[in-house]
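Engineer: I'd like to ask you about the structure that follows.
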Amino acid sequence: MNSNEIKALDKGKIAGTYARYDMVAETGKGARCTDKDGKEYIDFTAGIGVNSLGFCDDGWIQAVTAQLNKLQHVSNLFYTEPQAEVAKILTERTGMAKVFFGNSGAEANEAAIKTARKYGTTKKGSSAGKIITLENSFHGRTMAAITATGQEHYHKYFTPFLEGFDYCPVNDAGKLEQLANNDTCAIMMELIQGEGGVLNLDEGFVKTAEEICRSKNILLIVDEVQTGIGRSGTLFAYEQFGIEPDIITFAKGIGGGLPIGGTLFSEKCCDILEAGDHGTTYGGNPVACAGALEVLRRMDENFLQEVREKGRYLKERLLRLPQVTEVSGMGLMLGIALKEREAADVVAKALKEGLMILTAKDRVRLLPPLTITYDELDEGIQRLKKALI
Ligand SMILES: *Cc1c(COP(=O)(O)O)cnc(C)c1O
């Protein structure tokens with residue numbers, strides 16, 4: 001098929017839930033992608049923060065294919081070594097006690113929500129199932145996750161919603177204090193609201209949330225599905241906010257391009273879910289775990305320091321581009337506020353210039369692969385400049 005035939009078939013036969021960009025991706029290496037017509041692009045999207053090591057990283061391919069040659073799946077009725085190893089690294093590097101593996105961010109948050117509700121209703125009383133989330137948040141597309149998501153846009157059409165969610169305005173510690181009561185089992189937040197426009201929460205607000213959780217026996221759930229696994233310049237963004245969450249959810253960047261996510265539990269809540277309470281057929285699949293293992297092994301302190309340096313370099317140069325009024329975010333998760341251009345138009349124009357970028361609300365969002373080189377960054381910035389003029 002040529003690119004037009006693929007687009008026509010896709011439009012006719014795939015449920016129209018995505019407004020796709022006008023490009024059929026075919027091959028990729030590092031931060032470069034080639035489309036079906038042979039045109040080359042610099043990739044500042046990493047598959048929405050998923051391809052941490054870029055396209056088709058050699059070490060990652062080797063790790064994944066080695067596992068494929070051994071065994072692709074056995075289900076969670078049996079033990080496998082890659083799953084145990086990923087759990088070991090994640091718990092050692094976070095100080096968390098245990099992990100549950102799923103396949104996506106929404107599932108990771110579902111496990112967090114179920115854990116929080118069981119914790120509340122068994123430890124605090126049958127009415128303690130209420131969860132506070134933030135306005136402008138994004139937690140995924142399943143029914144519980146869209147209910148947790150504090151944006152009306154995601155709530156259209158799908159009534160009735162789950163009960164027991166309260167929404168607090170971003171950075172409003174007074175309101176959070178007021179909402180958190182005996183019926184609250186958890187406060188859940190992204191530390192940088194990704195889909196909400198790459199907006200960093202105030203450190204003071206996050207610390208206050210942690211204090212409220214400690215004083216009222218409430219679990220602090222941090223949704224690191226987008227910010228986690230090196231994206232913000234540390235393994236998880238919470239490290240830079242000086243807090244210790246009770247539950248951390250992750251997905252996107254961990255598999256390096258394979259579907260895996262999960263939920264980390266602190267000592268306090270690591271045995272809340274028991275045999276039969278929760279599960280998933282694919283979660284922690286050995287092939288996905290082999291990919292995750294390679295991603296985590298590569299992501300040492302040097303690697304993370306480079307992410308921080310590249311992030312500073314990119315931010316500094318973005319601030320010199322026309323139309324750019326502000327750059328938010330941390331590490332290699334950046335949001336660009338524009339003077340008078342529409343973010344969606346800039347994305348389309350950038351694609352014509354050979355650059356893949358994203359939007360987040362009214363901002364342009366950049367999530368380049370964490371292994372991107374300075375040459376690739378420079379080339380991407382030049383192409384972005386052309387799209388902004
Ligand atoms: C992407 C995202 C999710 C949902 O992840 P899926 O894998 O699409 O289910 C949840 N939370 C945050 C913060 C995200 O960025």
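The values are calculated or read from the model by the stated rules, or taken from the named source; none is laboratory data. A quick note: this is a predicted structure, and the numbers were derived from the prediction, not measured. Positions of Cβ are generated from backbone atoms using ideal geometry, with glycine treated the same way; all protein chains shown enter the neighbour counts. What goes into the accessible areas is simple: the full protein's heavy atoms, side chains included, and nothing from ligands, DNA or RNA. Shrake-Rupley method; radii C 1.70, N 1.55, O 1.52, S 1.80 Å.
Engineer: List the pairs whose first member sits in region 356-376 and is open to solvent by 20 Å² or more (accessible area, probe 1.4 Å), whose second member is among the hydroxyl-bearing types (S, T, Y), and whose Cβ atoms are under 9 Å apart, counting only residues at least 6 apart or on separate chains?
Structural biologist: From residues that are open to solvent by 20 Å² or more (accessible area, probe 1.4 Å), the pairs are M356/Y21; M356/Y41; M356/T45; R363/S328; T371/S52; Y374/Y313.
Engineer: Limited to region 242-252, what total is found for residues that are part of a strand (DSSP E or B) and open to solvent by 50 Å² or more (accessible area, probe 1.4 Å)? Step through it out loud before you land on a result.
Structural biologist: The first filter runs over region 242-252 and keeps only residues part of a strand (DSSP E or B), leaving 247-250.
Narrowing the set further to residues that are open to solvent by 50 Å² or more (accessible area, probe 1.4 Å) leaves none.
Count: 0.
Engineer: Given the conditions (1) open to solvent by less than 60 Å² (accessible area, probe 1.4 Å); (2) without any contact (Cβ under 8 Å) to a residue 40 or more places away in the chain, which single one is not true for V74?
Structural biologist: (2)
Engineer: Looking for whichever is of a type outside the set (K, R) and crowded, with 22+ Cβ neighbours inside 10 Å here; the options are E239, E224, E326. Which one fits? Even if it seems obvious, please write down each step before you answer.
Structural biologist: Numbers: E239 fails: crowded, with 22+ Cβ neighbours inside 10 Å; E326 fails: crowded, with 22+ Cβ neighbours inside 10 Å.
Step by step, each of E239, E224, E326 is checked, and only E224 is of a type outside the set (K, R) and crowded, with 22+ Cβ neighbours inside 10 Å.
Engineer: Something else: State whether one or more residues within region 335-350 are closer than 30 Å to H73 by Cα, open to solvent by 30 Å² or more (accessible area, probe 1.4 Å) and either touching a Gly at 6+ places or on another chain (Cβ under 9 Å) or among the acidic types (D, E) (or both).
Structural biologist: First, the residues of region 335-350 that are closer than 30 Å to H73 by Cα: none.
Within region 335-350 (the criterion being closer than 30 Å to H73 by Cα, open to solvent by 30 Å² or more (accessible area, probe 1.4 Å) and either touching a Gly at 6+ places or on another chain (Cβ under 9 Å) or among the acidic types (D, E) (or both)), the answer is no, since none of the residues qualifies.
Engineer: Being modelled with pLDDT under 95 and not acidic (D, E) narrows it down to one residue among F158, F205; which is it? Steps first, answer last, please.
Structural biologist: Values: F205 fails: modelled with pLDDT under 95.
Going through F158, F205 in turn, just one is modelled with pLDDT under 95 and not acidic (D, E): F158.
Engineer: If you scan region 296-308, which residues turn out to be buried (at least 16 other Cβ atoms within 10 Å of the Cβ) and either more than 11 Å from I372 (Cα to Cα) or touching a Pro at 6+ places or on another chain (Cβ under 7 Å) (or both)?
Structural biologist: If the condition is that a residue be buried (at least 16 other Cβ atoms within 10 Å of the Cβ) and either more than 11 Å from I372 (Cα to Cα) or touching a Pro at 6+ places or on another chain (Cβ under 7 Å) (or both), then L296, R298, M299, F303, L304, R308 are the ones that fit.
Engineer: Another question about this same structure. Please tell me if G261 is within 18 Å of H139 (Cβ to Cβ), in contact (Cβ under 8 Å) with a residue 40 or more places away in the chain and among the small types (G, A, S). It would help to see each step written out before you state the result.
Structural biologist: Values: within 18 Å of H139 (Cβ to Cβ): yes; in contact (Cβ under 8 Å) with a residue 40 or more places away in the chain: yes; among the small types (G, A, S): yes.
For G261, the condition - within 18 Å of H139 (Cβ to Cβ), in contact (Cβ under 8 Å) with a residue 40 or more places away in the chain and among the small types (G, A, S) - is met.
Engineer: Identify all residues within region 290-300 that are assigned to a helix (DSSP H, G or I) and either over 27 Å from F100 (Cβ atoms) or under 17 Å from the mean Cα position of the chain (by Cα) (or both); write none if there are none.
Structural biologist: Filtering region 290-300 down to residues assigned to a helix (DSSP H, G or I) leaves 290-298.
Selection gives G291, A292, V295, L296.
Engineer: Working only within region 316-359, note down all residues that are within 22 Å of R20 (Cα to Cα) and among the hydroxyl-bearing types (S, T, Y). Let's see the steps before the verdict.
Structural biologist: Of all residues in region 316-359, those within 22 Å of R20 (Cα to Cα) come to 333-336, 341-359.
Once the filter is applied, which keeps residues that are within 22 Å of R20 (Cα to Cα) and among the hydroxyl-bearing types (S, T, Y), region 316-359 yields only T359.
Engineer: Among the candidates I61, I89, single out the residue that is assigned to a helix (DSSP H, G or I), under 24 Å from E306 (Cβ atoms) and open to solvent by 50 Å² or more (accessible area, probe 1.4 Å).
Structural biologist: Numbers: I89 fails: open to solvent by 50 Å² or more (accessible area, probe 1.4 Å).
The match here is I61.
Engineer: For the list (1) under 17 Å from N109 (Cβ atoms); (2) aromatic (F, W, Y); (3) more than 16 Å from the ligand (Cβ to nearest atom), I need the number of the one condition that F236 fails.
Structural biologist: (3)
Engineer: Name the residue that is farthest from T94 (Cα to Cα), counting only residues in region 258-282 that are crowded, with 24+ Cβ neighbours inside 10 Å and within 13 Å of the ligand (Cβ to nearest atom).
Structural biologist: Selected residue: I260.
Engineer: Quick check: is even one residue across region 309-317 open to solvent by 60 Å² or more (accessible area, probe 1.4 Å), part of a helix (DSSP H, G or I) and closer than 22 Å to G105 by Cβ?
Structural biologist: Within region 309-317, none of the residues are open to solvent by 60 Å² or more (accessible area, probe 1.4 Å), part of a helix (DSSP H, G or I) and closer than 22 Å to G105 by Cβ.
Engineer: If a residue has to be surrounded by 11 or more Cβ atoms within 10 Å (Cβ to Cβ) and either part of a loop (DSSP other than H, G, I, E, B) or touching a residue at least 60 places away in the same chain (Cβ under 8 Å) (or both) to count, how many in region 2-58 make the cut? Working first, answer last.
Structural biologist: Here is the first cut: in region 2-58, the residues surrounded by 11 or more Cβ atoms within 10 Å (Cβ to Cβ) are 3-10, 20-21, 23-37, 39-57.
Right, trim to either part of a loop (DSSP other than H, G, I, E, B) or touching a residue at least 60 places away in the same chain (Cβ under 8 Å) (or both) and you get 20-21, 23-24, 30-33, 36-37, 39-57.
Qualifying residue count for the region: 29.
Engineer: Identify, by number, the condition in (1) β-branched (V, I, T); (2) away from the ligand (no atom under 13 Å from the Cβ); (3) open to solvent by less than 10 Å² (accessible area, probe 1.4 Å); (4) touching a helix residue (DSSP H, G or I) at 6+ places or on another chain (Cβ under 6 Å) that I229 doesn't meet.
Structural biologist: Every condition holds for I229 apart from (2).
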